[in-house]
Structures are given as C-alpha cells and as structure tokens.
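What follows is a short report on a single structure.
The values are calculated or read from the model by the stated rules, or taken from the named source; none is laboratory data. Predicted model only: the values in this text are computed from it and were never measured. As a convention, Cβ positions derive from the backbone with ideal geometry for all residues, glycine included, and neighbour counts pool all protein chains shown. What goes into the accessible areas is simple: the full protein's heavy atoms, side chains included, and nothing from ligands, DNA or RNA. Shrake-Rupley method; radii C 1.70, N 1.55, O 1.52, S 1.80 Å.
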Amino acid sequence: MTMIDKIAWIRFDRGRILSSRSHGKEVYYLPGGKREPGETDLDTLVREIEEELCVAVLAGTAEPVGVFEAPAHGHPAGTVVRMTCYTADYRGELRPANEIAEIVWLGYADRHRVSPVDQVIFDHFHGTGELR
C-alpha cells in the first residue's frame, strides 16, 4: 500500500465548506497539500494555503479536527490518502492562485463533486451538523 500524507484546511461558512479545484481537474478538494521535508503540520498548512488561496492562516488559531483516509483519487489501486485536517482563522481575501482554477463553498448535496477522502470528511461533518 502506498500512503499519501496530506494536510487540509477546514473552513465553514453558513453550513458550507471551502473547496478548490485545480486547473485541468473536475473533482474538488479541500485546500491544502503535501508536507515538504522537515515541515510540521502547521508549516504545511500555512504554506499550502498561502500558495493556493493567497491568505495567511493564523497558525496560533489552528485546531486539529480529525484524520481521514480513503483511496486516492486518480492514483493506482492500493494508494491511500491520509488527510490530517485543521480549522484555523485567516487574514486576507480568498482568491485562487497557482494551480487552483476555482474556489467554491460546497454543501453536503455537492458530496459527489469531491474526491473520495473529501467524501469521508463531508460525511463526518454532515454528521456533526457543521456541513449542511
């Protein structure tokens, strides 16, 4: 089994969750990405969100909210993604950058539009009432 280790930012607004879509992709993902050598979870979170969404995550406000696993979208069978998720406040105006084509606020009805690991996360937060 191959494991892909990712960090993701969970941001809710009125029962919807912030998601992004990369150029050339049809599936939406939670903002975040892979850790670089020597980075902590928070280092990765701050760097990835700044690179993708042009905002500064306030690391001191970050709270872990769960670790989720599922088959990795677009990868060979046996590849699993492990998504360690954090909520955090931010400073700035959200806008797509670099590989991100679009950012959207999705509700639970949009579950079919996201990657398998994000579907697991959507189910979890729908169950807690945070995602409607």
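Okay, here's what the table says:
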{"read-out": "Count of the range 109-121 residues which are within 10 Å of PHE68 (Cβ to Cβ) and either among the β-branched types (Val, Ile, Thr) or touching a residue at least 60 places away in the same chain (Cβ under 8 Å) (or both)", "value": "4"}
{"read-out": "Whichever residue in the range 1-14 is open to solvent by 10 Å² or more (accessible area, probe 1.4 Å) and not in a strand (DSSP E or B) and, among such residues, is farthest from ARG132 (Cα to Cα)", "value": "MET1"}
{"read-out": "Near pairs, Cβ below 8 angstrom, 6+ apart or cross-chain, from the range 15-32 (closer than 17 Å to HIS75 by Cβ and open to solvent by 50 Å² or more (accessible area, probe 1.4 Å)) to any residue that is at pLDDT 95 or above and outside any loop (DSSP other than H, G, I, E, B)", "value": "GLY24/ALA101; LYS25/ALA101"}
{"read-out": "Residues of the range 98-108 classified as over 15 Å from GLU130 (Cβ atoms) and at pLDDT 95 or above, total", "value": "5"}
{"read-out": "Whichever residue in the range 113-132 is assigned to a helix (DSSP H, G or I), in contact with a helix residue (DSSP H, G or I) (Cβ under 8 Å, 6 or more places away or on another chain) and open to solvent by 10 Å² or more (accessible area, probe 1.4 Å) and, among such residues, is nearest to ALA72 (Cα to Cα)", "value": "GLN119"}
{"read-out": "Single residue of VAL81, VAL67, VAL46 found to be part of a strand (DSSP E or B), in contact with a helix residue (DSSP H, G or I) (Cβ under 9 Å, 6 or more places away or on another chain) and either in contact (Cβ under 8 Å) with a residue 12 or more places away in the chain or open to solvent by 30 Å² or more (accessible area, probe 1.4 Å) (or both)", "value": "VAL81"}
{"read-out": "Tally, over the range 84-103, of residues that are open to solvent by 30 Å² or more (accessible area, probe 1.4 Å) and among the aliphatic types (A, V, I, L, M)", "value": "3"}
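Rundown of residues vs (1) more than 13 Å from ALA88 (Cα to Cα); (2) in contact with a helix residue (DSSP H, G or I) (Cβ under 9 Å, 6 or more places away or on another chain); (3) of a type in the set (A, V, I, L, M), yes/no style:
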position	(1), (2), (3)
ARG14	yes, no, no
GLY24	yes, no, no
TYR29	yes, yes, no
GLY32	no, yes, no
ASP41	no, no, no
